[in-house]
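Have a look at the structure below, then the notes.
The values are calculated or read from the model by the stated rules, or taken from the named source; none is laboratory data. No experiment lies behind these values; they were computed from the predicted model shown. Cβ placement follows ideal geometry from the backbone for every residue including glycine, while neighbour counts extend to all protein chains displayed.
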Amino acid sequence: MVEFPRIAFVGGGNMAGALIEGLLARGCPPSRLVVLDVHEPTRQKWQARGLEVLEGPDSSLTGCDVWLLAVKPQQLKEVAQAARPCLGSDTLVVSIAAGIALSSLCAWFGTADHPWASVIRAMPNTPALVGQGVTGLAAASGVTDDQRQLATQILSTVGEVVWVDSDDQIDAVTALSGSGPAYVFRFIEGMVAGGQKLGLSAQQSQSLAIATVAGAARLAAQSGDPVETLREKVTSKGGTTAAALDVMQQRQFLETLVAAMQAAHQRAGELSAEFGRTEIGRAEG
Ligand SMILES: NC(=O)C1=CN([C@@H]2O[C@H](COP(=O)(O)OP(=O)(O)OC[C@H]3O[C@@H](n4cnc5c(N)ncnc54)[C@H](OP(=O)(O)O)[C@@H]3O)[C@@H](O)[C@H]2O)C=CC1
Ligand SMILES: O=C(O)[C@@H]1CCC=N1
């Protein structure tokens with residue numbers, strides 16, 4: 001990126017923090033970033049890092065190239081209502097809120113003059129904090145190629161980006177990679193517990209488990225082999241891995257994981273129904 005866009009983070013909590021840290025680590029000057037947050041300690045934290053902070057929406061937001069909406073889905077409609085008068089005519093709105101549909105975002109941010117707001121839904125994940133995130137993106141129909149490019153540039157500073165075709169696919173991305181780090185951390189917790197049960201220390205177990213997950217992921221990414229083949233290469237006939245995988249199969253490990261992802265996907269739909277109501281929409285624009 002030749003010059004970093006001016007980005008306003010609306011909500012400066014965990015996920016905004018991962019993106020801000022990622023941007024700063026990749027050379028974005030703090031002066032290009034604004035954080036609007038109601039929580040005073042959060043504002044103090046970002047102010048100490050050299051970012052401009054706001055307690056409420058004001059004209060500083062109007063001059064920003066991008067608004068990155070990073071409040072909880074439950075808070076987003078109220079935040080949109082309060083901030084919309086400050087939306088610049090060329091501002092791109094990128095929401096990372098789980099479940100809140102593009103149609104809701106367009107209704108909240110569109111105006112009579114500009115009914116199909118420049119809105120993109122993005123679903124990053126917390127490995128963004130170490131530049132290893134992956135973000136799924138979907139755009140409203142009025143979004144231009146340049147705006148897509150802008151969103152790609154921003155999110156790719158913290159990892160990979162994958163564009164999808166529809167809103168519902170962003171709910172699927174949420175269930176897979178948005179929530180996915182928690183599944184992996186749970187898996188590591190399980191490996192650590194298993195290591196301790198088998199006589200290793202907590203520290204030894206943690207080092208072995210984390211390095212195994214990181215190394216296996218890197219092998220899967222870099223090897224030309226499908227993951228099934230990689231799994232088969234570990235699994236000697238009559239050996240230790242086969243004994244472990246048999247137990248996983250008996251206890252329906254795969255089915256459990258798929259059911260968990262379906263629950264996450266369903267929850268995204270519920271968040272949309274509960275908190276994505278559009279009655280403050282274009283009629284007011
Ligand atoms: N955590 C994750 O792994 C991921 C989360 N997301 C999405 O990111 C979004 C943010 O999640 P997360 O970072 O975990 O949430 P956080 O609660 O950590 O951050 C939200 C921040 O917004 C503040 N806030 C609340 N109301 C307002 C308001 N009216 N105006 C400005 N700021 C406000 C909150 O303050 P206070 O605490 O005082 O309420 C808090 O500091 C969510 O929509 C989530 O679905 C997306 C991808 C991954
Ligand atoms: O749990 C959540 O709702 C958010 C969305 C993806 C990860 N965390």
Inset, instruction - Answer yes or no: is there a residue in segment 98-115 that is within 12 Å of ligand 1 (Cβ to nearest atom), touching a residue at least 60 places away in the same chain (Cβ under 8 Å) and of a type in the set (D, E, K, R). - result: no
Legend entry - Close pairs from segment 259-272: first within 15 Å of ligand 1 (Cβ to nearest atom), partner outside any helix (DSSP H, G or I) and hydroxyl-bearing (Ser, Thr, Tyr), Cβ under 7 Å, at least 6 apart: 264/179
Legend entry - Listing of helices (runs of 4 or more DSSP H) fully contained in segment 1-88 that carry 1 or more residues being within 21 Å of residue 158 (Cα to Cα): 14-25, 40-48
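Would you confirm whether any residue within segment 12-33 is over 15 Å from residue 69 (Cβ atoms), within 16 Å of ligand 1 (Cβ to nearest atom), in the same structural domain as residue 86 (by TED's automatic domain parsing) and at pLDDT 95 or above? Write out each step before concluding.
Initially, segment 12-33 is screened for residues over 15 Å from residue 69 (Cβ atoms), giving 21-32.
Keeping just the survivors that are within 16 Å of ligand 1 (Cβ to nearest atom) gives 21-23.
Then keep just the ones that are in the same structural domain as residue 86 (by TED's automatic domain parsing); that gives 21-23.
After this cut, where a residue has to be at pLDDT 95 or above as well, the list is none.
No, the conditions are met nowhere in segment 12-33.
Would you please name the residue that is nearest to residue 17 (Cα to Cα), looking only at residues in segment 123-150 that are in a helix (DSSP H, G or I) and within 13 Å of the chain's Cα centre (by Cα)? Steps first, please.
Residues of segment 123-150 that are in a helix (DSSP H, G or I), as a first pass: 126-130, 145-150.
Then drop every residue that is not within 13 Å of the chain's Cα centre (by Cα), which leaves 126-129.
On the way: 126: 9, 127: 11, 128: 9, 129: 8 Å.
Going through the qualifying residues, I end up with 129.
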Legend entry - Unique residue being among the polar types (S, T, N, Q), within 16 Å of ligand 2 (Cβ to nearest atom) and surrounded by 20 or more Cβ atoms within 10 Å (Cβ to Cβ) when the list is 118, 95: 95
Inset, instruction - For residue 237, state whether it is out of contact with any strand residue (DSSP E or B) (no Cβ under 8 Å at 6 or more places or on another chain), loosely packed, with under 10 Cβ neighbours inside 10 Å and among the basic types (Lys, Arg). - result: yes
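If I ask for residues that are of a type in the set (D, E, K, R), closer than 24 Å to residue 213 by Cα and either under 15 Å from the mean Cα position of the chain (by Cα) or not in a helix (DSSP H, G or I) (or both), which ones from segment 151-191 would you list? Steps first, please.
At the first step, the residues of segment 151-191 found to be of a type in the set (D, E, K, R) are 160, 165, 167-168, 171, 186, 189.
Next, only the ones that are closer than 24 Å to residue 213 by Cα stay: 160, 186, 189.
Correct list: 160 only.
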Inset, instruction - Answer yes or no: is there a residue in segment 256-263 that is aliphatic (A, V, I, L, M), within 16 Å of ligand 2 (Cβ to nearest atom) and assigned by TED's automatic domain parsing to the domain that holds residue 125. - result: no
Inset, instruction - Starting from residues that are β-branched (Val, Ile, Thr) and crowded, with 17+ Cβ neighbours inside 10 Å, keep the ones in segment 2-11 and report whichever is farthest from ligand 1 (Cβ to nearest atom). - result: 7
Inset, instruction - Report the residue count in segment 123-149 for those that are modelled with pLDDT of 95 or more, of a type in the set (A, V, I, L, M) and under 13 Å from residue 94 (Cβ atoms). - result: 4
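Look at residue 182 and say whether it is within 14 Å of ligand 1 (Cβ to nearest atom), modelled with pLDDT of 95 or more, more than 22 Å from residue 6 (Cα to Cα) and exposed (fewer than 14 other Cβ atoms within 10 Å of the Cβ). Explain how you work it out, then say what you get.
Working: within 14 Å of ligand 1 (Cβ to nearest atom): yes; modelled with pLDDT of 95 or more: yes; more than 22 Å from residue 6 (Cα to Cα): yes; exposed (fewer than 14 other Cβ atoms within 10 Å of the Cβ): yes.
Spelling it out, residue 182 is indeed within 14 Å of ligand 1 (Cβ to nearest atom), modelled with pLDDT of 95 or more, more than 22 Å from residue 6 (Cα to Cα) and exposed (fewer than 14 other Cβ atoms within 10 Å of the Cβ).
Restricted to segment 147-163, and to residues that are touching a Leu at 6+ places or on another chain (Cβ under 9 Å) and away from ligand 1 (no atom under 15 Å from the Cβ), which residue is farthest from residue 273 (Cα to Cα)?
Checked segment 147-163; the qualifying residue farthest from residue 273 (Cα to Cα) is 157.
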